[in-house]
There are 2 protein chains.
Amino acid sequence: MAPGPAKKPSRIQQRNRRRILDAALDVFSGHGYRGATLDQISEESGLSKPNILYYFDGKKDIHVTLLNQLMATWLDPLREMNPDGDPLDELLAYVHRKLEMSRAYPRESRLFANEILQGAPRMGPHLLSGLKPLFDEKTALIQRWIDAGRLAPVDPRHLIFSIWATTQHYADFDAQVRVLMTGDKAILQGADAYLDTMFRKLLTP
Amino acid sequence: MAPGPAKKPSRIQQRNRRRILDAALDVFSGHGYRGATLDQISEESGLSKPNILYYFDGKKDIHVTLLNQLMATWLDPLREMNPDGDPLDELLAYVHRKLEMSRAYPRESRLFANEILQGAPRMGPHLLSGLKPLFDEKTALIQRWIDAGRLAPVDPRHLIFSIWATTQHYADFDAQVRVLMTGDKAILQGADAYLDTMFRKLLTP
DNA sequence: TCTGAATTTGACCATACGGTCAGGAAGTGC
DNA sequence: GCACTTCCTGACCGTATGGTCAAATTCAGA
């Protein structure tokens, strides 16, 4: 029987569950759900396959756990956008935070991209219940800023999309970016300056 | 023995190879390379599994064929950027063509995204030999336009990245976009107007 | 140190997968 | 109609995969 949810996890449980999830993040983000195997996760984590299944109810359970963890922190940058701040500053800060996430958590970005790319079969409800409300809230906020003349008039929804697309591109398409930017060490730094210019010009009233 | 490359393909061969590739595009773009199975391609195409292996040398052969076909047409919009045209017009037209590709060939876009996401294991050389030269050529062209004062000064490489990211986003993250834009039928039309504004403001000197 | 619970493992299972093969069905040219 | 090639299929194979289980090992508290 897998450790029930009632009792608090021992130190061993914490350590091994973390190991498994870390290895699984590597494997799932690199091969997609179906392409990932428990044996790979086993090898990468250093735990035997049956032992992994002692800590998780199965492959799907591991994947779902990862996606839940991800959703919990992935939207933080958007959540932090402050209605009382300066609109342009807030949005540019959001772009910056989002790009920083690409740098710090590329595997998480790719895990998410894989799931969406395949039609979000294991995440559809989460998107609707977790992401949609926040998205609606923030697009409404941006619209209010625009109506008040504090931002240039653009469709807030497409604005958010373009921020996500441009920032996540550096993590998700890393293999391509790397080939095309051979020799340039400071890719993300250049991206930061570029995106700042871009969104500043777009949004300045 | 699979049909050799020496003889011209019969009508049956043309039809069945096309069927297989079309089905395979569905399956590969939706599940990634490892996640796709010959049985799925078999069912989707209406051809038996051994028959599929009569036309192709194996799963890998089908995938490679798709990627080659893709590369041949995928870069056309970029290739068409005319050095003698008006810089701003050329770039905005490129954005428009790229977005149109997302609308017309979403499966191809996702096939490509899947491959890059997983580190381009079967496409790395292609990127270097096919994409890199074109990328270098066009970024150099844009830089010349900038040096001549005909475009606002931005990093041409990040400019291209941002065009790819924003346009392909609507195909690759379709599942997410659909959830967040419930009710809006004309998503791509709105995107077209938004991106036009965005890049116009960015690039106008 | 002893004891019961938590942790770990080797051996095993059913299924699914990519691929093969011998032979049958269907075209094609004469 | 006949012969020859092309096209197609059912049955099969070796391997990989997700998962199970009984038994062994380790751990934590008294």
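Structural remarks
- Only a single item in (1) within 16 Å of DNA strand C (Cβ to nearest atom); (2) open to solvent by 40 Å² or more (accessible area, probe 1.4 Å); (3) within 24 Å of the chain's Cα centre (by Cα) is not met by B:ILE41, and it is number (2).
- Looking at A:ASP84, A:ASP57, just one residue is outside the structural domain of A:PHE161 (by TED's automatic domain parsing), open to solvent by 60 Å² or more (accessible area, probe 1.4 Å) and more than 12 Å from DNA strand C (Cβ to nearest atom), and that residue is A:ASP57.
- In segment A:20-38, the residues that are of a type outside the set (Val, Ile, Thr), open to solvent by 10 Å² or more (accessible area, probe 1.4 Å) and near DNA strand D (Cβ under 10 Å from one of its atoms): A:HIS31, A:TYR33, A:ARG34, A:LEU38
- Number of positions in segment A:39-52 that are away from DNA strand D (no atom under 11 Å from the Cβ) and acidic (Asp, Glu): 1
- Subset tally (residues that are modelled with pLDDT under 95 and away from chain B (no Cβ under 11 Å)) for segment A:115-155: 1
- Residues that are crowded, with 16+ Cβ neighbours inside 10 Å and facing chain B (nearest Cβ under 9 Å) within segment A:168-185 comprise A:GLN168, A:HIS169, A:TYR170, A:ASP172, A:PHE173, A:ASP174, A:ALA175, A:GLN176, A:VAL177, A:VAL179, A:LEU180, A:MET181, listed in sequence order.
- Looking only at residues in segment B:24-38 that are touching a Lys or Arg at 6+ places or on another chain (Cβ under 6 Å) and more than 9 Å from DNA strand C (Cβ to nearest atom), the one that is nearest to the other protein chains (Cβ to nearest Cβ) is B:HIS31.
- Residue match in segment A:7-19 (condition: within 12 Å of DNA strand D (Cβ to nearest atom), on the phi < 0 side of the Ramachandran plot, within 14 Å of another protein chain (Cβ to nearest Cβ) and small (Gly, Ala, Ser)): no
- Scanning segment A:186-205 for residues that are modelled with pLDDT of 95 or more, facing chain B (nearest Cβ under 7 Å) and more than 20 Å from the chain's Cα centre (by Cα) turns up A:TYR194, A:THR197, A:MET198, A:LYS201, A:LEU202.
- Residues in segment B:33-52 that are in contact (Cβ under 8 Å) with a residue 24 or more places away in the chain and either over 18 Å from B:ARG122 (Cβ atoms) or touching a strand residue (DSSP E or B) at 6+ places or on another chain (Cβ under 8 Å) (or both): B:SER45, B:GLY46, B:LEU47, B:ASN51, B:ILE52.
The values are calculated or read from the model by the stated rules, or taken from the named source; none is laboratory data. Because the structure is a prediction, the values reported are computed rather than measured. Backbone-built Cβ (ideal geometry, glycine too); neighbour counts: all protein chains shown. Note: areas computed on protein heavy atoms with side chains; ligands, DNA, RNA excluded. Shrake-Rupley method; radii C 1.70, N 1.55, O 1.52, S 1.80 Å.
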